[in-house]
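Asks: Below is one structure. I have some questions about it.
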Amino acid sequence: MFSSRKSGLVFIMIMISFSLYASQLDLKAQVLVNDVNLEWSEVEGASFYDVYANDIFLARLDADTFSYTAENLAQDSGYRLIVGARDENNNTLDADALEIETDSFSGVYKWVNETDDDNKGRLKEIVYIARLKTSPEYGQYMEISIPYGDDELVIFPLQSLDDSTWPWIDYDDGGETALAYRLNCEKFNTSSLKPGRFRVSRIFITPESASVEIQSSAFGFKVTTTTSYDFSMREDGVYLVYETSGSGLVESALFRNPMNEDDPFTYEMVRVMEI
């Protein structure tokens, strides 16, 4: 969601009567999933340019600024974006508006191992499926799943977002949560050791990123693994950067990305299909 940045300058809702003639602003927009780049032309006599989204004030810009990025808009949502040119007395000289529809990060993401170093055949590729979801507490977030035959298994959020504390689950439990955790762990685990049980201990969510800490227990020892998912749009496509890390025994057992020696626990995945 966008933030409403109110200041002493502007508590004024923009009330613009649009002319029948074309605006001098010639407002243009480039939609980047949940960010929108706006550009416009100079209006003679303007001291400020005010930017609004759905009648909510976003920014007041100086007279020599002709672009603005509206960030953190809701995904898969419609917006009316307005730029108003105002003089030093706050009179509206001109205005222009655009209706836009934001995209989402939903899709199928893939990383392909181009080397023979593949954790004994377990990590030839990574495929994650992301779907836009909404939670009353967290708002919009991306649910992450892994393919499982003709179905999918959710790996984020691994346990319910409705819980304030998450229960321990046996690693060999027959439920879908344990199965998803096992299948994902086995790809990255280079040792023969496996935990006896696991649980989510902390979650952090934004519309375009998420991280989760998972505690696991084996032979009386408890360790923590941190996994993050970061989505972004670039000129050449939409990406998911997946990273997993841990300390001590966990880190020593984690597979190291042979295609990223500088950051071996990070995998850059590209969206290969929209859903």
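Asks: I need the calculated FRET efficiency for the pair E137 and E42, taking r as the beta carbon distance and R₀ as 35 Å, to the nearest 0.05.
Replies: 0.20
Asks: By how many degrees, between 0 and 90 and to the nearest 10, does the Cα long axis of helix 176-188 differ from the longest principal axis of the chain?
Replies: Approximately 80 degrees, to the nearest 10.
Asks: Right, here's the next one. Rank by packing, highest mean first: peptides 166-172, 156-162, 45-51, with packing defined as the count of other Cβ atoms within 10 Å averaged across residues.
Replies: Descending packing order for the listed peptides: 45-51, 156-162, 166-172.
Asks: Moving to a separate point now. Considering the options I129, T65, A178, tell which one lies farthest towards the positive end of the dipole of the chain, charges being +1 on Lys and Arg and -1 on Asp and Glu at the Cβ, about the Cα centre.
Replies: Comparing the listed Cα positions along the dipole, A178 ranks first.
Asks: Pick out, in residue order, every one of the GluC sites (Glu not before Pro) in the range 223-275 that is DSSP loop and has at most 14 other C-beta atoms within 10 Å; say none if there are none.
Replies: E235, E261, E274
Asks: On to the next question. Okay, helix-only estimate at 222 nm for the chain: each DSSP H run of n ≥ 4 adds -39500 (n - 2.57), divide by all residues, round to 500 deg cm²/dmol; what do you get?
Replies: Counting only the DSSP helices, I get -2000 deg cm²/dmol.
Asks: If you plug each phi of the range 79-95 into the Karplus form 6.51 cos²θ - 1.76 cosθ + 1.60 with θ = phi - 60°, what whole-Hz ³J(HN,Hα) values come out, in order, with x for Gly and Pro?
Replies: Going residue by residue, I get 9, 9, 9, 10, 10, x, 8, 10, 8, 5, 9, 6, 7, 7, 8, 6, 7 Hz, with x marking Gly and Pro.
Asks: Go through 180-187, 135-142 and give me the packing order, highest mean Cβ count within 10 Å leading.
Replies: Result, highest mean first: 180-187, 135-142.
Asks: If one computes the Cα centroid of the range 60-82 and of the range 175-198, what distance in Å separates the two points?
Replies: 44 Å
Asks: Convert each backbone phi in the range 252-263 into a coupling constant with the Karplus relation 6.51 cos²θ - 1.76 cosθ + 1.60 (shift: θ = phi - 60°), then list the ³J(HN,Hα) values in order as whole Hz, x for Gly and Pro.
Replies: 5, 9, 6, 5, 9, 4, x, 9, 8, 5, 6, 9
Asks: Here is a further query. Dipole of the range 94-221, Cα-centred, from +1 at each Lys and Arg C-beta and -1 at each Asp and Glu C-beta, to the nearest 20 debye?
Replies: 880 debye
Asks: Placing +1 on the Cβ of each Lys and Arg and -1 on the Cβ of each Asp and Glu in the chain, which of T227, G237, L249 has its Cα farthest towards the positive end of the resulting dipole?
Replies: L249
Asks: Number of Lys pairs in the chain with C-alpha atoms less than 15 angstrom apart, excluding same-chain neighbours closer than eight positions?
Replies: 5
Asks: Separate question: For every other residue with a beta carbon closer than 13 angstrom to the beta carbon of Q215, add +1 if it is Lys or Arg and -1 if Asp or Glu, then tell me the sum.
Replies: Within the 13 Å Cβ shell, the charges total +3.
Asks: A further question on this structure: Hey, got the dipole for the range 115-181? About the Cα centre, +1 on K and R Cβ, -1 on D and E Cβ, debye to the nearest 20?
Replies: 220 debye
Asks: From largest to smallest, what semi-axes in whole angstrom does the range 132-262 give when each is the square root of 5 times an eigenvalue of its alpha carbon gyration tensor?
Replies: Calculated on Cα positions only, the semi-axes equal 23, 20, 15 Å.
Asks: Which one, D163, D150, D263, has the greatest fluctuation when you compute a Gaussian network model over the chain with C-alpha springs under 10 angstrom?
Replies: Top of the fluctuation ranking is D150.
Asks: Once Rh is set to the Kirkwood radius over Cα pairs, what Stokes-Einstein translational diffusion coefficient, in µm²/s, holds for the range 63-146 at a temperature of 25 °C and a viscosity of 0.890 mPa s?
Replies: So the translational diffusion coefficient is about 141 µm²/s.
Asks: Let me ask something else about it. Through the Karplus equation 6.51 cos²θ - 1.76 cosθ + 1.60, θ set to phi - 60°, convert the phi angles of the range 226-243 into ³J(HN,Hα) values in whole Hz; use x for Gly and Pro.
Replies: Whole-Hz 3J(HN,Hα) from phi for the range 226-243: 10, 10, 10, 10, 10, 9, 7, 10, 10, 4, 9, x, 10, 10, 10, 9, 9, 9.
Bear in mind these aren't lab numbers, they're just calculated from the coordinates by the rules spelled out. Computed from a prediction, not measured in an experiment: that's the story for all the values here. Cβ: placed from backbone, ideal geometry, glycine included. Neighbour counts: every protein chain shown.
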